[in-house]
Amino acid sequence: MSGRYVIAFRMRTLSVSGELLIADVPSFMREVEDLIARQNITSLRIDLSELRRVDSAGALSFVHLEEEMRKKSVDITITGLSEDVRRVFNLVDRTAIHLPPLHEAERRASIFEAMGNLCLKMAHDFYTILTFVGELIICLPYCLFHPRSLRWGDILLNMRRTGADALPIVGLLSLLIGLIMAFMSSLQLRQLGANIYVASLVGIAIVKELGPMMTAIIVAGRSGSAFAAEIGTMIVNEEVDALTTMGFHPIRFLVVPKIIATSIVVPLLTLYAMMFGIIGGLLVGMIGLDITLTTYLRESFRGVELWDVITSLIKALTFALLIASIGCHRGFQVTGGAEAVGEATTSAVVTSIFLIIAADAAFAVLLHYIG
Amino acid sequence: MENVIVVENLTAAYGDNVILRNVSFQVKREKIFAIVGGSGCGKSTLLKYLIGLLRPAEGRVIVDGIDMATADDETINACRRKFGVLFQSGGLIGSMTLAENIALPLKEAGRFPHPFFTHLIRAKLGMVNLTGYDNHYPAELSGGMKKRAGLARALALDPAILFFDEPTAGLDPVTAREIYDLISIINEGMKTTMVIVTHDLELIFRLAHEVILLHSEEKGIIARGTPKELESFAQDGRVQAFFQRKLP
């Protein structure tokens, strides 16, 4: 006896009595298969008249045995089913056993197919982004000419979340970047007796490149992902459908406030990051290089012109538009459940950072030719 | 008949907001027990106590001999393996196919030989009329199909106790009746004890052996008995109003 069932084999009859439940099924199947393998039989009767209780896994084990015996051309009959046992047997879907293996449908694509699929996916992605931008281009002027249609409360809330709440992390990271740049460059410049150039090096790098780019990357990680997750979850919960049926335009209702808020706060955050980056360099200059406060600031601003600050703010505005639009677009692309929201969030951050760097490269070339 | 679930003087509260006060009842083994009541009366909260998602701070909840208030996490987990739960929205894991969802508890149950394991998954899907949907993800299914798939997963281990949270809510009448039949076959054939939280009067009258009616103002049970007793002999107007709604 094993578990709660008893097996007896006599005169080509397999008798099973007691209870056969899911926990006993693996050992029961092994025992029966061993028992039958030792006999040379062409027919088998399974007597279940003494089987008091069976669950669906137990019933399936008899159906499975029946199928296996038929494959070996053994004539098999199951007898003595009580009314309760028969009801459980009727629950077992016999057709399911004959279906193809579970993962046969998942055929591996060849490398060419995979590349083709990737190209199609990218083309489709480009098309949906264009459509989204097109809708935005229609919605933004509408909102500007109809300011009452804007949800100002939502704009302020998004400004707080994207801007004010990001002040500590943007400040800290910018300070550290300024500090690291000043320290690393001083190690080289000190050998040439050119310590004083640390100030302008840090100033130019922070104002022209690192300030706008680091701020944009932080905002993409914090807020771009949050936009995608928020809108994606709303799609999953049918909240966007509800808005549409109530007559609201989803882009105008959900996206425009985020775009306006991000466009206002990212340039401001960039100015704030520039200030902290320069302070980071100043700390190294004053403590490590014995440069006075006035000398450091004078040297910093000697290398930086007002035009540099203006172009950086234009870049920051462009990055803000990219972050908010990509975040919201990825959110609207969500179909399915929680996993799709996670994918949209990751995709929003990755795409935003890629586009920020690509746009920065384009600005570098463009500004070089403008002079 | 032996009581498989015993609730004694259970008081449930979220902070200062008391949901249930001094609730006591017993569920007999192999019987279908229904918990009914209006919205906000604490049905789902009570279910959370029964399945061990909430621990009683006041009173006792004993499921299959385990006191959910004092048992350690390991004991409660061992107890949970004896029961299956069908959540209102199905509770399927979105990143897994239906086959993978059903395989999840089965892998914990024991080492089944390979083709039999696949057959077992298929048989569970077949029981709820989802044959052929093995490789589908929950997001690709309708609400009713999700609920049936959730039931297939709840049935994966052929549990001794099954808990249902609104098993027929949102289902069409034909699918709902299929669920009634399935519940009946599982209860009678496999002797499974069932606790069903529901508003569905047809389900109550067809299947339930015993019913308790919760009321939000009383914060507890205002009636208990068989569905017929509550329909025919209840003196309380609130009970009559609930049980004498016209059946479809």
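The values are calculated or read from the model by the stated rules, or taken from the named source; none is laboratory data. None of these values were measured; they are calculated from a predicted model. Here the Cβ is made from the backbone with ideal geometry for all residues, glycine too, and neighbour counts use every protein chain on show.
Some observations on this one:
- Single residue of A:56, A:61, A:82 found to be surrounded by fewer than 18 Cβ atoms within 10 Å (Cβ to Cβ) and either modelled with pLDDT under 80 or not hydrophobic (A, V, I, L, M, F, W, C) (or both): A:82
- Sole exception among (1) over 30 Å from residue A:230 (Cα atoms); (2) in a helix (DSSP H, G or I); (3) not basic (Lys, Arg) for residue A:109, by number: (2)
- Criterion: without any contact (Cβ under 8 Å) to a residue 60 or more places away in the chain, more than 22 Å from residue B:103 (Cβ to Cβ) and within 14 Å of another protein chain (Cβ to nearest Cβ) - qualifying residue of A:68, A:83: A:83
- Residue A:325 meets all of the listed conditions (1) away from every other protein chain (no Cβ under 14 Å); (2) among the hydroxyl-bearing types (Ser, Thr, Tyr); (3) not in a helix (DSSP H, G or I) but one, namely (3).
- Residue under evaluation residue B:153, criteria (1) under 22 Å from residue B:78 (Cβ atoms); (2) crowded, with 24+ Cβ neighbours inside 10 Å; (3) touching a Gly at 6+ places or on another chain (Cβ under 6 Å), criterion not met: (3)
- Residue within the stretch A:52-61 that is out of contact with any helix residue (DSSP H, G or I) (no Cβ under 6 Å at 6 or more places or on another chain), touching a residue at least 24 places away in the same chain (Cβ under 8 Å) and more than 12 Å from chain B (Cβ to nearest Cβ) present: no
- Residue in the stretch B:186-201 that is modelled with pLDDT under 90 and β-branched (Val, Ile, Thr) present: yes
- Flag for residue A:9 being out of contact with any Asp or Glu (no Cβ under 9 Å at 6 or more places or on another chain) and in a helix (DSSP H, G or I): no
- Residue satisfying condition, being in a helix (DSSP H, G or I) and modelled with pLDDT of 95 or more, within set A:318, A:351, A:295: A:318
- Pairs where the first residue, in the stretch A:253-275, is modelled with pLDDT under 95 and the second is not in a helix (DSSP H, G or I), C-beta under 6 Å, 6+ apart: A:257/A:151
- Subset of the stretch B:109-143 (residues that are of a type in the set (A, V, I, L, M, F, W, C), more than 8 Å from chain A (Cβ to nearest Cβ) and assigned to a helix (DSSP H, G or I)): B:117
- Sole exception among (1) closer than 25 Å to residue B:112 by Cβ; (2) of a type in the set (Val, Ile, Thr); (3) more than 11 Å from chain B (Cβ to nearest Cβ) for residue A:22, by number: (3)
- Qualifying residues in the stretch B:111-145 (those that are within 12 Å of residue A:60 (Cα to Cα) and under 24 Å from the mean Cα position of the chain (by Cα)) - the one surrounded by the most Cβ atoms within 10 Å (Cβ to Cβ): B:124
- Residue match in the stretch B:45-57 (condition: in a strand (DSSP E or B), modelled with pLDDT of 90 or more and not hydrophobic (A, V, I, L, M, F, W, C)): no
- Complete set of residues in the stretch B:66-108 that are more than 17 Å from the chain's Cα centre (by Cα), within 27 Å of residue B:8 (Cβ to Cβ) and either within 11 Å of chain A (Cβ to nearest Cβ) or not in a loop (DSSP other than H, G, I, E, B) (or both): B:66, B:67, B:73, B:74, B:75, B:76, B:77, B:78
- Any hit, the stretch B:170-190, residues being outside any helix (DSSP H, G or I), touching a residue at least 24 places away in the same chain (Cβ under 8 Å) and closer than 23 Å to residue B:19 by Cα: no
- Of the listed requirements (1) surrounded by 18 or more Cβ atoms within 10 Å (Cβ to Cβ); (2) among the polar types (S, T, N, Q); (3) closer than 21 Å to residue A:220 by Cβ, residue A:128 misses just one: (1).
- When the residues of the stretch B:27-44 are filtered to those that are part of a strand (DSSP E or B) and not β-branched (Val, Ile, Thr), the one that is farthest from residue B:192 (Cα to Cα) is B:37.
- The residues on offer are A:341, A:365, and the sole one that is modelled with pLDDT under 95, within 30 Å of residue A:132 (Cα to Cα), touching a Gly at 6+ places or on another chain (Cβ under 8 Å) and part of a helix (DSSP H, G or I) is A:341.
- Among all positions in the stretch A:3-16, there is no residue which is modelled with pLDDT of 85 or more, facing chain B (nearest Cβ under 10 Å) and buried (at least 18 other Cβ atoms within 10 Å of the Cβ).
- Test: residue A:42 is away from chain B (no Cβ under 12 Å), over 29 Å from residue B:159 (Cβ atoms), touching a strand residue (DSSP E or B) at 6+ places or on another chain (Cβ under 9 Å) and loosely packed, with under 11 Cβ neighbours inside 10 Å: yes
- Verdict on residue A:114 being within 39 Å of the chain's Cα centre (by Cα), part of a helix (DSSP H, G or I) and at the interface with chain B (Cβ under 8 Å from one of its Cβ atoms): no
- Selected residue [under 49 Å from the mean Cα position of the chain (by Cα) and either over 24 Å from residue B:151 (Cβ atoms) or in contact (Cβ under 8 Å) with a residue 12 or more places away in the chain (or both)] from A:24, A:34, A:47: A:24
- The stretch A:86-100, subset within 7 Å of another protein chain (Cβ to nearest Cβ) and assigned to a loop (DSSP other than H, G, I, E, B), residue modelled with the highest pLDDT: A:92
- Unique residue being crowded, with 16+ Cβ neighbours inside 10 Å and free of Cβ contacts under 8 Å to residues at least 40 places away in the same chain when the list is B:71, B:12: B:71
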